[in-house]
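This report concerns only the one structure given below.
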Amino acid sequence: MHRKALAWKGKAWAVVQIFWRADRRWLLWSLLVILVVMALGILVWLARGYEMEQVQRELDRDNADALMDIRTGLARNLQNLHGLNSGDITPKEWTSEALALLREHREWMRLEWRDPSLRLQAEADSPYFAPLSEGLGEAGIDRTHACSMAGRLDSGAYSETRFVPLPGGRGLEIMELCLPIRHGTRRVGYAVATYSLSGVLSSMLGEAYTRRQQVSFAEPDGTRLATYGASRRGSRIFTSQLLLDLPGTALVLRMDGWRAAPDMLPNVLTALVTTLTIALVTVLILLSRDFQRRLAAENALADALAFRQAMEDSLVTGLRARDLQGRITYVNPAFCSMVGFSAEELVGRGAPAPYWPPEMVDGFRERQAVRLVAGKSPPREGLESVFQRKDGTRFPVLIIEAPLINAAGKHAGWMSAVLDMSEQRRIEELQRAGQERLQATARLSAVGEMASLLSHELNQPLAAISSYANGCLNLLQSPAPAPGSEADTLKDVNVAVGRIAEQANRAGRVINSVHDFIRRRGEAREAVSPKTIIDAALPLIQLQAHKLGIRIQVQCEDHLPEVWCDRTLVEQVLLNLARNGMQAMAEVEVDQRQLHVVARYRPPKSSGRGWVEFSVADCGAGISEEVASQLFTPFFTTKAEGMGLGLSMCRTVIEQHGGALDYGPNHPRGTVFRFTIPRFEKAPAGTLQNGS
């Protein structure tokens, strides 16, 4: 019994496999039939489209040939009209020759000879048309325009088309050709030919153009003016339009062709055999390769998943995915290493996330609500924030988010790239500290260069102090003065002591200026008047100017607004520009050396705060193009002992204050450097100025 049961089970399984295989064959044959039907439909559609395109191309070619024939006929008529007025001829002779031309040209309705003021001299009407009345044949405005253009071009010009009614309630469209008549270099009048548009079509186009299609003249807006040819009816109408551009007017030559629908039967029979053969071979190839392709696709998918996993594991950028409810659906190892939590601790967690600092939870919730609920796109440049590691330490991060689109093309959440900014912040702090040290070094270097000038400048007050002191000692140690001369002696001593105090104060001011300049201060900005900045740097500028024989001219406008700046840094910029200007005048004659230091106010061009502009102008040789291209490049210098940091640091300081440093030529010679500092504006209570 057990064996019989097993036998029946085996037979049942075999029957199931047979039916399964049969169902697969029917499925394949159904797909084959559908493929054949689709291929046949596409081939028929393509064949019909090709035949229709061929018909349209043939019609376009006929229309282009017809347009060329009309142009040729009009040009030939223009030559005939030239010949009619080629020599001295009387009106009677002209009329006789014009009638002969009208018999040869059925497109002409009337020929006229007019003098230079367009008065009629002679005329002739075509025997094939009813004569035009004088009022209708003389369209004064159109003819005047055409003859005016013909005179300018010294060639034939056409008038606009117009409708002329004829007896019996009929009418036709005409246009006029005006041709200047010259005898030598003298213009003696105009020849005017009146064209019938229908006559142009019937006379200049052969039967080949009008046998199977209708030809017509139309205006550019589509209004038909004249038609020639029999109209037929077919299953499809083909139309071709070309522009006939004439001097003074423009017409559209339209050709309508009636064609029967393209034949279908030969194309279907040919396509049927070819398609069935291709379809059978294709199905066999697809069946034989189906299993290999499926296996190759599975292997490629496995390789792609392994490659993606290896790539994500090697990233140093943290990746985090969240669904539309704000729950974390994916984190990569870099993100886990960044925050100190494992993937199991993070996946599936919603708000608040374990890496949010407790005091910033409300801000994170609000930002997440805007992102997830309102659907507002984050900024492309990212958002800076702070995360908390598992051990409680905080670190700055840059979060760049983008919508997460699934395979169906729907928005399924948000993908975030998280960058740890700790190392970048440390490098920025080191760069800022290095810049401060570099600025201090530059100030000390400048003071070192001025040490020799200080010694020269201090020699004068010290020598005067010594002389006055010796004079006092001599007065005090002299023998007892004669009676009545003690008052004179005390007066002399008082004068000498006063001079000693004056010279000592002078030496002290020089030393204090240098001391204030080289003293290291924090970047504390304050409201300072421009005059204070110039007065603070002026003693140091005058030291070098006195040695080089340079005259300093200072111009500071009255009532200048205060500026918001770091006073020491701006004084250093002004001093560096002044020293560069004085060194640039080394080759200039002593009596022509002048340095101008100017401060003035520049109002804003639109809404916003104004600026105070400082400028330093010298009378040197100027700046060459080679030097100008590298002027503000760090470590570029034209001085043998220079470091190449002066102008680069000056521009950095001014840009940090929100201003700009530039230069230009100083007329008649030299260079002028300018820099701007924003004016000080009182901020409302509880706020700080920019940069504080």
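No value in this document is a laboratory result; all are computed from the given coordinates. Note that the coordinates shown come from a computational prediction; the quantities given were computed from them, not determined experimentally. Counting neighbours? That spans all protein chains shown, and the Cβs are built from the backbone with ideal geometry, glycine included.
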Q | Virtual spin-label span in nm between residue 211 and residue 345, 7 Å along Cα→Cβ | A | 9.5 nm
Q. Whose amide H sits under 5 Å from the amide H of residue 660, counting only residues 5 or more places off or on another chain, with H placed in the peptide plane?
A. 676
**Q.** Built amide H within the under 5 Å cut-off of residue 182, gap 5+
**A.** 188
Q) Between residue 69 and residue 120, what is the spin-label point distance in nm, taking each point 7 Å from the Cα along the Cα→C-beta axis? A) 3.4 nm
(Q) Full-extension gain between residue 170 and residue 423, please, as 0.36 nm times their residue separation minus the C-alpha to C-alpha distance. (A) 81.6 nm
Q | Candidate aspartates and glutamates - alpha carbon under 19 Å from residue 410, same-chain residues fewer than 8 apart omitted | A | 323, 401
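Tell me, in nm to one decimal, what length is gained between residue 627 and residue 390 on full extension, where the rule is 0.36 nm per residue of separation less the Cα-Cα distance?
Working: separation 237, 0.36 × 237 = 85.32 nm, distance 5.62 nm.
Result for the pair: 79.7 nm of gain on full extension.
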Q. Sequence-distant or interchain residues sharing an amide H contact under 5 Å with residue 121, placed H: which?
A. 113, 114, 115
(Q) Using each residue's phi in segment 570-585, evaluate 6.51 cos²θ - 1.76 cosθ + 1.60 at θ = phi - 60° and report the 3J(HN,Hα) Karplus result to the nearest Hz, with x for Gly and Pro. (A) 5, 4, 5, 4, 4, 5, 4, 5, 5, 5, 4, x, 5, 5, 6, 9
Q: Could you rank the peptides 352-359, 568-575, 82-89 by their average count of other C-beta atoms within 10 Å per residue, with the highest value first?
A: 568-575, 352-359, 82-89
Q.
I need the calculated FRET efficiency for the pair residue 296 and residue 369, taking r as the beta carbon distance and R₀ as 56 Å, to the nearest 0.05.
A. 0.75
Q: For segment 58-67, take each phi angle, set θ = phi - 60°, evaluate the Karplus expression 6.51 cos²θ - 1.76 cosθ + 1.60, and give the result in whole Hz per residue in order, putting x for glycine and proline.
A: 5, 5, 4, 5, 5, 5, 5, 5, 5, 4
